[in-house]
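Q: Below are the structure tokens for one structure; questions will follow.
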Amino acid sequence: MQKLFLWVACLGLSTAYAAEPNAIEPNTKDSAYVDVKEPLVTVNSKSYEKTNTADDVDTVQINVQSRQEVNNKLDIDSQKLKILSEHKQWQHLLFYKNGKAEVISPNFYLTDPSVQSIATFSPYKELIATLRHASDNEIVCRYPARYLWLNKHLPEVKIDLQNCLDLPNPNQEISLILVSNYLKNPASSFGHVLVKTSSAMDRKENGVRQLSSEDLLNSSYNFGARIPANENGAMYAIKGLFGFYDSGFSEAEFFKHDAVYSKNEQRDMWEYVLNLGAFETQLLNYHLYEAKSARFDYYFIKQNCGYRTGEILELVSDIKTTERVGPWYAPDYVFDQLLEYSDDAAEPLIASVRYLPSEQTQLRAKFVQLPKPIQNVINSVIRTETIAPLLRLNPDDRALAIDFLILHRTYKISQNNTPQHQVLKKKLLSQRFTLPASNGLGTLTVLEKASPALSNKTTQTKVVLSEDEAQVGVSLFVKDPLNPHNDINKRFEAVQLSLGYDFDESKLSVTDFVFLDMQQIEDLAQPLAGEPKLSWQLKTGARTDLFTGDNHSPYGQAGVGAGVMLGRYALGYGMVNATVHDQDRHLDVGIELGLRAKKKGQAAELTYTLNKREGRSSLSQTELTLRQQLSKNNDARIIITHTDTDTDSNNSVVNDSDSVRAGVAWHHYW
């Protein structure tokens with residue numbers, strides 16, 4: 001059960017925080033926003049003067065020194081500085097939110113609030129201190145975003161950033177990357193968010209994107225908790241829930257994240273290229289550089305990778321990504337808000353969306369486009385682990401088959417690097433060198449897949465009405481396979497509570513509590529050999545016992561089985577389930593059969609379950625759900641349930657024999 005508790009503690013959250021790599025070599029020709037042709041004025045930190053409190057004086061006097069070392073005195077209106085210190089961009093640069101400084105690492109703030117209390121931190125004092133240190137090249141190069149921002153808002157004070165040789169190129173294009181969810185890892189059940197930079201020449205239109213070698217070497221920023229090695233699982237969950245870890249941004253080449261997500265975990269990604277002006281682009285690039293030195297308290301449910309990435313968007317736009325109702329924050333909420341903002345804004349914040357399919361997705365999509373004889377030979381090589389079947393093909397077809405097999409073997413090595421995999425890959429490479437060059441595999445296409453951000457929000461409220469009962473339920477995290485933009489073969493729900501009111505008995509009660517509900521259907525008819533075939537599901541919580549009628553009976557259910565995809569938008573499956581509980585005999589066994597289909601805004605699901613408990617009669621139930629999309633975050637459903645049990649004189653089953661119940665439901669996502 002310990003692993004079960006980890007799932008809800010880590011929903012949709014980022015992976016462990018990695019050590020920071022070295023900064024990327026800068027482009028010194030365009031690394032500063034300031035026009036270097038103008039005379040530069042630097043601020044002398046030692047000659048800062050202030051004769052009274054900020055509220056009692058009209059100007060703040062700062063001794064400045066020109067490039068020719070001629071002393072001058074610059075008077076800056078204190079009210080202007082006060083207004084600037086309250087500017088939302090200045091406070092975002094400081095990670096100052098809701099009257100509190102959020103950075104906990106020492107020396108991030110020049111006024112060092114750790115000496116006092118972080119709650120008494122003053123953005124105004126930090127602004128004055130930033131101006132005061134403007135002649136200190138080390139400080140200027142540590143906070144390029146601050147000084148770039150001051151250059152814009154205080155033209156009379158110019159700071160030279162050209163001497164900061166370790167800064168990134170501030171003109172790089174910035175993207176947010178949505179990584180799809182990964183049910184095998186509790187820390188990734190609701191996806192992940194990365195920030196990526198790239199040169200403007202990499203810009204492409206919407207669609208499927210093949211990553212170039214240059215693109216793989218671009219920088220990416222990952223936010224996550226810093227977790228000690230070999231941390232105990234229970235402690236990992238407890239500390240993560242209550243903020244005992246610190247966290248921060250780390251920088252790494254994008255190929256390192258691509259290796260983890262696309263190749264090892266086989267997760268699709270979507271790259272949202274931001275549509276920003278020149279100043280906003282430069283400010284955000286420098287802010288990411290500054291953010292690497294900041295550390296924060298980490299909370300798995302709220303202040304996670306999605307929340308901190310949302311703050312980055314708020315720096316350069318008036319989008320409200322972090323103003324989330326409720327104490328939880330799923331990473332894909334950032335992209336949900338990004339899409340809604342871009343739809344309503346005069347100037348969209350999204351320049352383009354690029355689909356980055358996983359290695360597994362690419363292999364499966366290309367395999368079905370190969371001629372059948374080549375498919376058969378490829379599958380024979382995979383099953384036998386020998387290259388002998390390749391001799392059946394002519395040289396051109398053999399070259400195409402070997403190209404595919406080399407990619408397939410690389411894909412297998414990324415998951416499990418065994419000597420056998422390496423030996424076969426070397427044999428394939430040796431064979432390929434003897435054949436003519438070709439690019440047949442590169443001409444095969446991968447269909448674009450809709451981004452999960454197009455789906456509904458992740459929190460659900462539902463109202464269900466039937467002839468004898470009204471029910472209200474809330475689910476904190478939901479990925480419904482009947483939604484047109486969710487995977488039809490995956491179901492995910494966590495922390496769902498339902499209250500029911502019985503009209504006949506005039507009684508209100510808790511009808512169902514779901515702690516976790518997961519299902520993944522693998523395609524038994526997958527034509528590529530060696531791919532996963534086992535389907536599974538897991539469910540746990542408390543409910544009214546099916547056989548005794550006892551309320552709030554805790555249970556845990558696990559099932560394994562098989563499924564088959566019937567096109568892209570339909571599937572069928574069968575499961576064998578085992579359920580443990582606190583009732584008599586403590587174990588139920590059963591079967592579950594299901595059909596699921598959807599097309600655009602309509603969807604349907606038909607399920608049949610049969611449960612048996614030792615010493616009691618079996619109980620079966622058939623349920624049909626018809627779903628109609630009303631809007632992005634609203635749908636209506638008709639639910640028809642048929643219950644059929646074989647009762648005898650020694651057993652009384654709660655459900656009536658051969659009964660039919662019909663109801664209607666409204667689901668709202670927020």
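Q: According to a simple spin-label model (label point 7 Å from Cα along Cα-to-Cβ), what is the distance in nm between H668 and A470?
A: 1.4 nm
Q: Another question about this same structure. Cα centroids of region 364-439 and region 460-475: how far apart, whole angstrom?
A: Answer, in whole Å: 53.
Q: A further question follows. All other residues with a Cβ under 14 Å from the Cβ of E614 taken together, and with Lys, Arg as +1 and Asp, Glu as -1, what is their net charge?
A: Working: positive: R585, K612, R613, R616; negative: D584, D588.
In short, +2.
Q: Now for a separate question. Within 10 Å, count the other beta carbons around each residue, average over each peptide in 515-521, 637-643, and list them highest first. Write down the numbers at each step before the final one.
A: Details: 515-521: 20.7, 637-643: 16.3.
In decreasing order of mean packing, 515-521, 637-643 become 515-521, 637-643.
Q: Under a plain spin-label model, where a point goes 7 Å from the Cα along Cα-to-Cβ, how far apart in nm are R585 and K125?
A: 7.0 nm
Q: Express in nm, to one decimal, how much length is gained between F503 and E253 on full extension, taking 0.36 nm for each residue of separation and deducting their alpha carbon distance. Could the numbers behind the result be given before it?
A: Values: separation 250, 0.36 × 250 = 90.00 nm, distance 6.09 nm.
That works out to 83.9 nm of additional length.
Q: Here's a follow-up. Exposure proxy check: V157, V664, V179 ranked by fewest other beta carbons within 10 Å?
A: The order, fewest Cβ neighbours first, is V664, V157, V179.
Q: Pull out the extension gain between E231 and D344, defined as 0.36 nm times the separation in residues minus the alpha carbon to alpha carbon distance; nm, one decimal. Can you show the working numbers first?
A: Values: separation 113, 0.36 × 113 = 40.68 nm, distance 4.49 nm.
Roughly 36.2 nm would be gained on extension.
Q: Give me D for region 295-410 in µm² s⁻¹, whole number, from Stokes-Einstein with Rh from the Kirkwood sum over alpha-carbon pairs, 25 °C and 0.890 mPa s.
A: Working: Rh = 18.4 Å.
Answer from the Stokes-Einstein relation: 134 µm²/s.
Q: Follow-up question, since we're still on this one. Quickly rank 307-319, 586-598 as a protection proxy: mean count of other C-beta atoms within 10 Å, highest first.
A: Working: 307-319: 20.8, 586-598: 17.4.
Packing proxy ranking, top to bottom: 307-319, 586-598.
Q: Show me the ranking of peptides 91-98, 502-509 by mean Cβ neighbours inside 10 Å, starting with the highest. Please list the in-between numbers first.
A: Details: 91-98: 18.0, 502-509: 10.6.
Ranked by mean Cβ neighbours within 10 Å, highest first: 91-98, 502-509.
Q: Could I ask something else about it? In whole Å, what are the extents of region 456-669 along the principal axes defined by its C-alpha atoms, from largest to smallest?
A: Extents along the principal axes: 52, 39, 28 Å.
Q: How far apart, in nm, are two points set 7 Å out from the Cα along the Cα-to-Cβ line at H642 and at S352?
A: Result: 5.3 nm between the two label points.
Q: OK, next. Round to a whole angstrom and tell me the spacing of the C-alpha centers of region 170-199 and region 305-342.
A: For region 170-199 versus region 305-342, the Cα centre distance is 14 Å.
Q: Can you tally the net charge around W328? Count Lys and Arg as +1, Asp and Glu as -1, for every other residue whose Cβ sits under 12 Å from the Cβ of W328.
A: Working: positive: K302, R324, K457; negative: none.
Residues close to W328 contribute a combined charge of +3.
Q: Same structure, new question: Residues of region 487-528 with amide nitrogen under 20 Å from the 7 Å Cα-to-Cβ point of A450?
A: Only 487-493, 521 fall inside the zone, counting backbone N under 20 Å.
Q: Using a simple charge model, +1 on the beta-carbon of Lys and Arg, -1 on the beta-carbon of Asp and Glu, nothing else, what dipole does region 370-443 show about its Cα centre, in debye to the nearest 20? If you can, show how the numbers build up before the last one.
A: On the way: 10 positive and 4 negative charges, 39 e Å.
Roughly 180 debye for region 370-443.
Q: When only Cα pairs under 8 Å and 6 or more residues apart are kept, what is the percent relative contact order across region 515-670? The partial results should precede the final answer.
A: Numbers: 378 pairs, mean separation 21.7, N = 156.
Relative CO of region 515-670 lands at 14 percent.
Q: Sticking with this structure for a sec: Taking 21 Å as the cut-off for C-alpha to C-alpha distance, list the pairs among K82/K158; K82/K125; K479/K598; K158/K292; K97/K302 that go past it.
A: K158/K292
Q: Output the relative contact order of region 307-450, whole-number percent, from Cα pairs under 8 angstrom with separation of 6+ residues.
A: Numbers: 104 pairs, mean separation 28.3, N = 144.
Relative contact order here is 20 percent.
Laboratory data are not the source of any read-out in this text; all were calculated from the coordinates shown. As the structure is a prediction and not an experimental result, all values here were calculated from the model. Quick reminder, even Gly has a Cβ in these numbers, built from the backbone with ideal geometry, and neighbours come from all protein chains shown.
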